[in-house]
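Right, one structure below, let's go through it.
The values are calculated or read from the model by the stated rules, or taken from the named source; none is laboratory data. Bear in mind that the values here come from a model prediction, so they are computed numbers and not experimental data. All Cβ positions, even for glycine, are placed from backbone atoms using ideal geometry, and neighbour counts span all protein chains on display.
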Amino acid sequence: MCGRFTSSQRRETIAERFQVGVPEGYRERYNLAPAQPALIVREREGEREALMARWGLLPHWAKDDRIAYKLINARGETLAAKPAFRSLLGRHRCLVVADGFYEWRVGPDGKKEPIHFRLEGGAPFAFAGLWTSRTDPTSGELVESCTIVTTRPNALVAPVHDRMPVILTGELEQDWLDPAISKEHALALLEPYAAELMTALPASTRVNSVRNDDPGVLLPDADALAA
């Protein structure tokens, strides 16, 4: 499961990395939580498009918006079987722009300690995602939403959690976005990212609160106090 992540790169960096215009609603995030807007990239009529989408899928048939909290992640192994995801697998794939994600381990004192996983060097990357849209029955507003696809953990993540988000290599991002590839091809892309290309660092317990969204949450509590 991925329940918090970071998307803290400057808009110029993201625009260059993903070759797309970044919407005005984007801002640097250090503690992005479910139901909050996340930056996604999708392909429409052969062109890349970036937009802000609510994290937590809101299917058109959902009667209660709270279902979105149960659909922040989608298991890659069952995408083709689950009703909420299988209809999106063909033409509603997207990239969820990020540069790290959090998981929690139990420390020697029994308390949960947040760990921030990122690529070596801290470069931006993309989670494999799915998107959908629906019209809010009350306001009439179009609501775009997304979910992050997960897979089994690599050797770096496994000691902390039994799942990890699918991080696509740069070469595979276009395949995932391409509506012309088969569902079987798309599913074959959902593999754990190479552990040797990632790093894991302790983060501040301040990340436990969604109210804390600043660079300081990336520092271990002891380091933050000493700064």
- Query: Among the residues of segment 101-120, which ones are touching a helix residue (DSSP H, G or I) at 6+ places or on another chain (Cβ under 8 Å), crowded, with 19+ Cβ neighbours inside 10 Å and either without any contact (Cβ under 8 Å) to a residue 40 or more places away in the chain or farther than 16 Å from I72 by Cβ (or both)?
  - Reply: P114, H116
- Message: Kindly evaluate I148 against the criterion of being within 21 Å of R27 (Cβ to Cβ), touching a Pro at 6+ places or on another chain (Cβ under 7 Å) and crowded, with 17+ Cβ neighbours inside 10 Å.
- Response: yes
- Report yes if some residue within segment 207-225 is modelled with pLDDT under 95 and β-branched (V, I, T); otherwise report no. no
- Message: Among the listed residues P37, P59, identify the single one that is modelled with pLDDT under 95 and either farther than 22 Å from D178 by Cβ or of a type in the set (S, T, N, Q) (or both).
- Response: P59
- Note on the structure: Exception for A123 within (1) surrounded by fewer than 14 Cβ atoms within 10 Å (Cβ to Cβ); (2) farther than 24 Å from Y193 by Cβ; (3) modelled with pLDDT of 95 or more falls at (2)
- With K63, K82 as the choices, which residue is exposed (fewer than 13 other Cβ atoms within 10 Å of the Cβ) and among the basic types (K, R)? K63
- Taking the stated definitions as given, is S182 more than 18 Å from the chain's Cα centre (by Cα) and in contact (Cβ under 8 Å) with a residue 12 or more places away in the chain? no
- Item | Complete set of residues in segment 164-188 that are aliphatic (A, V, I, L, M), farther than 19 Å from E49 by Cα and out of contact with any helix residue (DSSP H, G or I) (no Cβ under 8 Å at 6 or more places or on another chain) | M164, I167, A188
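Output the residue which, of all residues in segment 24-45 that are within 11 Å of I14 (Cβ to Cβ) and without any contact (Cβ under 8 Å) to a residue 60 or more places away in the chain, is surrounded by the fewest Cβ atoms within 10 Å (Cβ to Cβ).
Looking at residues that are within 11 Å of I14 (Cβ to Cβ) and without any contact (Cβ under 8 Å) to a residue 60 or more places away in the chain, I get E28.
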- Task: Hey, can you tell me all the residues within segment 12-34 that are more than 18 Å from the chain's Cα centre (by Cα) and modelled with pLDDT under 95?
- Result: E24
